[in-house]
Amino acid sequence: MTHNIPATLIPGDGIGPEIVDATLAALDALNAPFVWDRQTAGLEGVKTGGDPLPKSTLDSIRRTRLALKGPLETPSGGGYRSSNVRLREEFQLYANLRPARTIIPGGRFDKIDLIVVRENLEGLYIGHEHYIPINGDPHAVAMATGVNTRQGGMRLLEYAFEHAVANGRKKVTIVHKANIMKALTGIFLETGLDLYERKYKGKFVMDTVIIDACAMKLVLNPWQFDMLVTTNLFGDILSDLVAGLVGGLGMAPGANIGADAAIFEAVHGSAPDIAGKGIANPIALLLAAAMMLDHVKLPEMATRLRNAIDAVLNLDNIRTGDLGGTANTGTFTKALVHRIVNS
Ligand code: NAI
């Protein structure tokens, strides 16, 4: 008998509630033991309580230390600061794990099995930005400060290397731009190479690549990579790129891992262009839920969920529009639940 596991649920904005409903239906069919505490954040938090990151949401995660989260809308340019970034900072979720694995064979890139491990708290995402006004133009100059620390890089690199060893990854590639940003990304490269020499030599192959070359190599021959480890901004961009290799953002899950909490989500955003239409692909969040099941040490349930997604896509041939199919979120979910209860 599995014990109940308290977890925070944030349906989020845009397509969030639609894909969260689909994911809950799948988890219910699996009899997953999560006991959900529903909370708000993002635009929904602003609408219902005037706060993009309400105290009750933070208190809930402080208690459960585990959350499943739909995408949260962040205004571009002005407006409030990203609730996603604030959640990562609040719970020191320093590692962002973004796997990309081919589920539908025969696409432009077949048999992809890559993982991007992104530093989640430092670099150019710390929000130290300002404008300098000149001659009446308030935005004449824009400045941003990036901060990477040895300690912050070290804990992320240690997490990534341990994950590589535990999951039998053969090669780890550190992605950087130390030729230009010699200090900001050089410190990450140097820390990674040093850590490998001291503790991981021989456990996997270590490689390094400059971010721009990495982007090209990923498109020409993604199979040369196994695990990519990188700083915050590069990881953000590369994880969308590798999502594209396996069918797009609808297929890309993410886990934000810290010492005291873990938050699971889709890589994609709130997709305002299709919100409310019932056509969103829920697979990214479903795969995030599978990562959450692995995290709470229920790997068999995670495997059942992944196998059921595979069966619906490839045996039932039921796919949403972003994957070239005609199914809507509801028909996909119904087929998935059917596969799960019969597995
Ligand atoms: P987006 O990821 O929401 O959408 C990009 C494109 O992909 C759109 O055409 C959308 O329709 C499509 N798409 C995304 N997910 C899909 C799915 N599950 N099924 C089918 N199609 C899907 O990126 P965008 O439009 O740049 O951002 C919208 C909002 O989301 C912004 O406010 C942004 O800040 C926020 N965002 C939130 C994230 C999070 O909560 N982790 C991550 C990325 C963006």
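The values are calculated or read from the model by the stated rules, or taken from the named source; none is laboratory data. These numbers were taken from a predicted model, which means no experiment stands behind them. Every residue, glycine as well, gets a Cβ built from its backbone with ideal geometry; the counts of neighbours run over all protein chains shown. These area figures cover heavy atoms from the full protein model, side chains too; ligands, DNA and RNA do not enter into them. Shrake-Rupley method; radii C 1.70, N 1.55, O 1.52, S 1.80 Å.
By what distance, in whole Å, do the Cα atoms of region 203-298 stretch along each of the three principal axes, largest value first?
Extents along the principal axes, in whole Å: 42, 33, 22.
Would you compute, for the Cα atoms of region 97-179, the largest minus smallest coordinate along each principal axis and list the three values in descending order, in whole Å?
Result for region 97-179: principal-axis Cα extents of 57, 36, 22 Å.
What is the set of long-range amide H partners of Ala41 at a cut-off below 5 Å, with H atoms built 1.01 Å from backbone N?
Sorted by chain and number, the residues that satisfy this are Gly12.
What does the convex hull of the alpha-carbon atoms of the chain project to on average, in nm²?
Details: hull surface 74.9 nm².
Answer in nm², one decimal: 18.7.
Using helices alone, what [θ] at 222 nm do you get for the chain, with -39,500 (n - 2.57) per DSSP H run of 4 or more residues, divided over all residues and rounded to the nearest 500?
-12000 deg cm²/dmol
Out of Glu197, Glu119, Glu90, any idea which swings most in a Gaussian network model of the chain, alpha carbons joined below 10 Å?
Taking springs between Cα atoms under 10 Å, the residue moving most is Glu197.
For region 99-248, rounded, prolate or oblate, judged on the Cα gyration tensor with a ≥ b ≥ c (square roots of eigenvalues), a/c < 1.5 rounded, else prolate if a/b > b/c? Working shown, then result.
Details: a/c = 2.51, a/b = 1.42, b/c = 1.76.
Cα axes put region 99-248 in the oblate bin.
How much accessible area per residue does the chain have, counting only protein heavy atoms and a probe of 1.4 Å, in square angstrom?
Per residue, the chain has an accessible area of 45 Å².
At a Cα cut-off below 29 Å, give the lysines reachable from Lys334, other chains included and same-chain residues fewer than 8 away excluded.
Straight-distance partners of Lys334: Lys69, Lys111, Lys277, Lys297.
Can you tell me which aspartates and glutamates have their Cα less than 13 Å from the Cα of Lys177? Leave out same-chain residues fewer than eight positions away.
The reachable aspartates and glutamates, counting only those whose Cα sits under 13 Å from Lys177, are Glu190, Asp212.
Quick one: which residues, 5 or more positions from Asp226 or on another chain, have an amide H under 5 Å from its amide H? H modelled 1.01 Å from N in the peptide plane, none for Pro or chain starts.
When sequence neighbours closer than 5 places are left aside, the close amide H contacts are Thr173.
Report the dimensions of region 249-343 along its three principal axes from the alpha-carbon atoms, largest first, rounded to Å.
Principal extents (largest minus smallest coordinate, Cα): 41, 34, 17 Å.
Picking from Val35, Val20, Val116, which is most flexible by a Gaussian network model of the chain using Cα springs under 10 Å?
In this elastic network of the chain, the residue with the biggest mean-square fluctuation among Val35, Val20, Val116 is Val35.
What does the accessible area of Ile274 come to, in Å² to the nearest 10, when a probe of 1.4 Å is used?
Approximately 50 Å² for this residue.
HN-Hα J couplings of region 144-155 from phi, Karplus 6.51/-1.76/1.60, θ = phi - 60°, integer Hz, Gly and Pro as x?
9, 10, x, 10, 10, 10, 4, 5, x, x, 4, 5
Based on a Kirkwood Rh over C-alpha pairs, give the Stokes-Einstein translational diffusion coefficient of region 17-115 at 37 °C and viscosity 0.692 mPa s in µm²/s.
On the way: Rh = 16.0 Å.
After rounding, the answer is 205 µm²/s.
Place +1 on the Cβ of every Lys and Arg and -1 on the Cβ of every Asp and Glu in the chain, take the dipole about the Cα centre, and give the residue among Gly136, Phe204, Thr303 whose Cα lies farthest towards its positive end.
Phe204
Rank Phe161, Phe332, Phe109 by mean-square fluctuation in a GNM of the chain with C-alpha springs under 10 angstrom and give only the top-ranked residue.
Phe109
Using r as the Cβ-Cβ distance of Arg62 and Leu315, and R0 as 41 Å, what FRET efficiency do you calculate, to the nearest 0.05?
Numbers: r = 42 Å, r/R0 = 1.03.
Efficiency, rounded to the nearest 0.05: 0.45.
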